[in-house]
Amino acid sequence: MWTELDADPPTCPGGGLAATAAPALADGFPDGRALCPVCTRFVAVRRDGTLPRHRSWRGAASRGEEARRREWFNAFGW
């Protein structure tokens, strides 16, 4: 166990990395977003082709999102 002092910061260090939209499932997920290689969150790509600053992925917001992420990783992997 760790304390909050030992926890990773909430902002992902992947902001600013080059990125392209991830392949989409038949229903369109992840909706043109890229997979952050640092925190594995799907993040909108800026016009300059980089990831914006974003919070680290800490888990799905809903069961629906969790199921779509699972389906995406099963189809496309990392």
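Step through the residues of segment 11-22 one at a time and calculate ³J(HN,Hα) from phi using the Karplus curve (6.51 cos²θ - 1.76 cosθ + 1.60, θ = phi - 60°), rounding each to whole Hz and writing x for Gly and Pro.
So the Karplus estimates, Gly and Pro as x, are 8, 6, x, x, x, x, 6, 5, 8, 10, 4, 6 Hz.
Rank Leu35, Leu17 by accessible area, highest first, at a 1.4 Å probe radius?
Ranked list, largest accessible area first: Leu17, Leu35.
Top mean-square fluctuation among Gly64, Gly32, Gly16, Gaussian network model of the chain, C-alpha springs under 10 Å?
In this elastic network of the chain, the residue with the biggest mean-square fluctuation among Gly64, Gly32, Gly16 is Gly64.
Can you give me the angle between helix 63-76 and the longest principal axis of the chain, using Cα atoms only, in degrees from 0 to 90, rounded to the nearest 10?
Result, in degrees: 70.
For segment 32-47, take each phi angle, set θ = phi - 60°, evaluate the Karplus expression 6.51 cos²θ - 1.76 cosθ + 1.60, and give the result in whole Hz per residue in order, putting x for glycine and proline.
So the Karplus estimates, Gly and Pro as x, are x, 8, 9, 8, 5, x, 8, 10, 6, 8, 7, 10, 4, 8, 6, 4 Hz.
The values are calculated or read from the model by the stated rules, or taken from the named source; none is laboratory data. All of these numbers come straight from a predicted model, not from anything done at the bench. Just the protein is used for accessible areas: all its heavy atoms, side chains included, with ligands, DNA and RNA removed. Shrake-Rupley method; radii C 1.70, N 1.55, O 1.52, S 1.80 Å.
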